[in-house]
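Q: One structure coming up, written as structure tokens, with questions to follow.
The values are calculated or read from the model by the stated rules, or taken from the named source; none is laboratory data. Quick caveat: nothing in here was measured; it's all calculated off a predicted structure. Neighbour counts are summed over all protein chains in view; Cβ atoms, including those assigned to glycine, are modelled from backbone coordinates with ideal geometry.
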Amino acid sequence: MDSNPLLWCRRVRLTAGALLLLGGFSGCASLVPQTMGLRDTWPADVAVRSENTEVPFFPQQEYQCGPAALATTLVNAGTAVSPEELLKLVYLPERKGSLQVEMLAAPRHYSLVSYQLAPRFDALLQEVAAGNPVIVLQDIGVGPFTDWHYAVVVGFDYPAGELFLRSGETRRLAIPFTIFEYTWQRSNYWAMVTLPPGRIPASAGEKDYLAAISAMDRVGKPAASVLAYSTFLQRWPGNVGASVGLANRHYALGALADAEATLQRAAAHHPDSVPVLNNMAQVLSDLGRNEEALALVERAARPEGSPYAEAVRETRALVLQRMGKDR
Amino acid sequence: MNTAFKKSICRFFAVALITLPFQTGQAAMIGTDQVASAAMVQGDRTLVLNHLSRSQTASAFQAMGLDAQEASDRVAGMTDAEVGSLAGQINAVPAGGDGLVALVLVVFFIWYFAFRR
């Protein structure tokens, strides 16, 4: 249990001692390579000091740092939820803890996008500087012991050499960059943010963020998916996956005209994309424009060995069947 | 029972497994996952495997103290890749819970005071 801040301090000091000892043998730089890297190159466009003091705090109950950390970022993202409520989504009684994939999956049920950061200090600092609290997985066990712990990074002061965390029962834990990296690297620098669908993470990459949105799309509210895909397409207009995702959401909501407009825009970027052609054929057919649909689906059927061949065949059969009925 | 009959039963279940859980009522629209995920479409085999690993993961969750509804809710929120990462190793991946500190401290103090000289 990480209940007593004094204990923490003592442990931090002990860990520091152990670090020094180890450092003497193996060289400090290899122990905390990313902290050493920051000395040479501080990430561009990131202030050296930043803290989001508005981030709420939920003191952790026994073993339940996962739900507490998650509630911290979900409430910060504007979702009304308590750690107790999150227990049923991110706590495994048998393991007395929460798995990383559960932490990533849970926010999607609240129509928030969870995004796993690149395993680097600069991504973490970028998010924190943008005001996004970051959940990190640390191993705060000493020596050969592992002791996994989720905490939330809310700020840092590089000149002072400290990061600020909502951790356990401590509202604002100040921890040196070196110690933090030492505890964080054992989770392979695992970190995530949970943001509302209209807000792209500061460190987001196109491919990973699209995967994050489509993961939310599985269980979140349709309106949230529409917002997420639309915002994504403003940043990366040529992305065919996001266009298809947005059009599918419009289609599922019965907004056929919006679905068509979205696919038309995608077709401008990717005139030969089979999913775009196939799905547009389906939409046009539903709108009663079967002649146009047939032309599109014939084009979609052209590429050899397309992974979508089966779906295209079905669409074509449907369009033909409807045309038969019309006549 | 002759083998032809058995085979046809097997076929029926294979088809049911593939189609039933994935019937989305979206006519022939190509799904978002199929386009967006890096894995793309790898055919029915992947669908069957995904479905199996989802139900296996849900059962593993149940074995770890969740009720059936909670277990399937949790798995529903995960991507195929995430489910895949858990398959067979729910006991091996880290579970952040921070419950061992006291014990670790005791062991550490023993080590520290007994062996520091």
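Q: Among the residues of segment A:231-242, write down those that are surrounded by fewer than 24 Cβ atoms within 10 Å (Cβ to Cβ) and within 11 Å of another protein chain (Cβ to nearest Cβ).
A: Of the residues in segment A:231-242, the ones surrounded by fewer than 24 Cβ atoms within 10 Å (Cβ to Cβ) are A:231, A:233-240.
Selection gives A:Asn239, A:Val240.
Q: Residues in segment A:263-280: is at least one buried (at least 20 other Cβ atoms within 10 Å of the Cβ) and either touching a Gly at 6+ places or on another chain (Cβ under 6 Å) or in contact (Cβ under 8 Å) with a residue 60 or more places away in the chain (or both)?
A: As a first pass, look at segment A:263-280 and keep what is buried (at least 20 other Cβ atoms within 10 Å of the Cβ): A:263, A:266, A:273-280.
Still in the running and either touching a Gly at 6+ places or on another chain (Cβ under 6 Å) or in contact (Cβ under 8 Å) with a residue 60 or more places away in the chain (or both): none.
Taking every residue of segment A:263-280 in turn, none turns out to be buried (at least 20 other Cβ atoms within 10 Å of the Cβ) and either touching a Gly at 6+ places or on another chain (Cβ under 6 Å) or in contact (Cβ under 8 Å) with a residue 60 or more places away in the chain (or both).
Q: May I pose another question? I'd like the residue in segment A:136-165 that is of a type in the set (Phe, Trp, Tyr) and over 27 Å from A:Arg95 (Cβ atoms) and, out of all such residues, is nearest to the other protein chains (Cβ to nearest Cβ).
A: First, pick out the residues of segment A:136-165 that are of a type in the set (Phe, Trp, Tyr): A:145, A:148, A:150, A:156, A:158, A:164.
This time we only want the ones that are over 27 Å from A:Arg95 (Cβ atoms), so: A:156, A:158, A:164.
Details: A:Phe156: 21, A:Tyr158: 26, A:Phe164: 18 Å.
Looking at residues that are of a type in the set (Phe, Trp, Tyr) and over 27 Å from A:Arg95 (Cβ atoms), I get A:Phe164.
Q: Would you mention how many residues in segment A:142-188 are closer than 30 Å to A:Ile213 by Cβ, of a type outside the set (Lys, Arg) and in a strand (DSSP E or B)?
A: Summing the residues that are closer than 30 Å to A:Ile213 by Cβ, of a type outside the set (Lys, Arg) and in a strand (DSSP E or B) in segment A:142-188 gives 13.
Q: Now for a separate question. What number of residues within segment A:136-176 are on the phi > 0 side of the Ramachandran plot and surrounded by 24 or more Cβ atoms within 10 Å (Cβ to Cβ)?
A: Selection size over segment A:136-176: 1.
Q: Same structure again: Any idea which residue in segment A:104-116 is farthest from the other protein chains (Cβ to nearest Cβ), counting only those that are out of contact with any Leu (no Cβ under 6 Å at 6 or more places or on another chain) and of a type in the set (A, V, I, L, M, F, W, C)?
A: That would be A:Leu112.
Q: Restricting to segment A:39-55, name every residue that is under 20 Å from A:Asn132 (Cα atoms) and either of a type in the set (A, V, I, L, M) or in a loop (DSSP other than H, G, I, E, B) (or both).
A: Selection gives A:Trp42, A:Pro43, A:Ala44, A:Asp45, A:Val46, A:Ala47, A:Val48, A:Asn52, A:Thr53, A:Glu54, A:Val55.
Q: Got a number for residues in segment A:189-199 being in contact with a strand residue (DSSP E or B) (Cβ under 9 Å, 6 or more places away or on another chain) and part of a loop (DSSP other than H, G, I, E, B)?
A: Quick first cut of segment A:189-199, residues in contact with a strand residue (DSSP E or B) (Cβ under 9 Å, 6 or more places away or on another chain) only: A:189-197, A:199.
Then drop every residue that is not part of a loop (DSSP other than H, G, I, E, B), which leaves A:189-190, A:196-197, A:199.
Summing the residues that are in contact with a strand residue (DSSP E or B) (Cβ under 9 Å, 6 or more places away or on another chain) and part of a loop (DSSP other than H, G, I, E, B) in segment A:189-199 gives 5.
Conditions tested, residue by residue: (1) under 21 Å from A:Val193 (Cβ atoms); (2) within 13 Å of chain B (Cβ to nearest Cβ); (3) in contact with a Cys (Cβ under 7 Å, 6 or more places away or on another chain).
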| site | (1), (2), (3) |
| --- | --- |
| A:Val219 | yes, yes, no |
| A:Ser225 | yes, yes, no |
| A:Tyr229 | yes, yes, no |
| A:Arg249 | no, yes, no |
| A:Leu263 | no, yes, no |
| A:Ala267 | no, no, no |
| A:His270 | no, yes, no |
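Q: Report the residue count in segment B:19-44 for those that are part of a helix (DSSP H, G or I) and either more than 30 Å from A:Ala259 (Cα to Cα) or modelled with pLDDT of 70 or more (or both). Step through it out loud before you land on a result.
A: Of the residues in segment B:19-44, the ones part of a helix (DSSP H, G or I) are B:19-22, B:32-36, B:44.
Filter once more, keeping what is either more than 30 Å from A:Ala259 (Cα to Cα) or modelled with pLDDT of 70 or more (or both): B:32-35.
The number of residues fulfilling the criteria is 4.
Q: Evaluate segment A:123-135: report whether one residue or more is over 20 Å from the mean Cα position of the chain (by Cα), within 14 Å of chain B (Cβ to nearest Cβ) and surrounded by 22 or more Cβ atoms within 10 Å (Cβ to Cβ).
A: In the first step, residues of segment A:123-135 are kept if they are over 20 Å from the mean Cα position of the chain (by Cα); the result is none.
Within segment A:123-135, not a single residue is over 20 Å from the mean Cα position of the chain (by Cα), within 14 Å of chain B (Cβ to nearest Cβ) and surrounded by 22 or more Cβ atoms within 10 Å (Cβ to Cβ).
Q: State which residue is surrounded by the most Cβ atoms within 10 Å (Cβ to Cβ) when the search covers only segment B:84-99 and only residues that are at the interface with another protein chain (Cβ under 8 Å from one of its Cβ atoms) and within 14 Å of the chain's Cα centre (by Cα).
A: Going through segment B:84-99, the residues at the interface with another protein chain (Cβ under 8 Å from one of its Cβ atoms) turn out to be B:85-86, B:90-91, B:93-99.
Checking the rest, the ones that are also within 14 Å of the chain's Cα centre (by Cα) come to B:85-86, B:90-91, B:93.
Values: B:Ser85: 16, B:Leu86: 22, B:Ile90: 19, B:Asn91: 11, B:Val93: 13.
Going through the qualifying residues, I end up with B:Leu86.
Q: Would you mention how many residues in segment A:61-88 are crowded, with 24+ Cβ neighbours inside 10 Å, at the interface with chain B (Cβ under 7 Å from one of its Cβ atoms) and in contact with a helix residue (DSSP H, G or I) (Cβ under 7 Å, 6 or more places away or on another chain)?
A: 1
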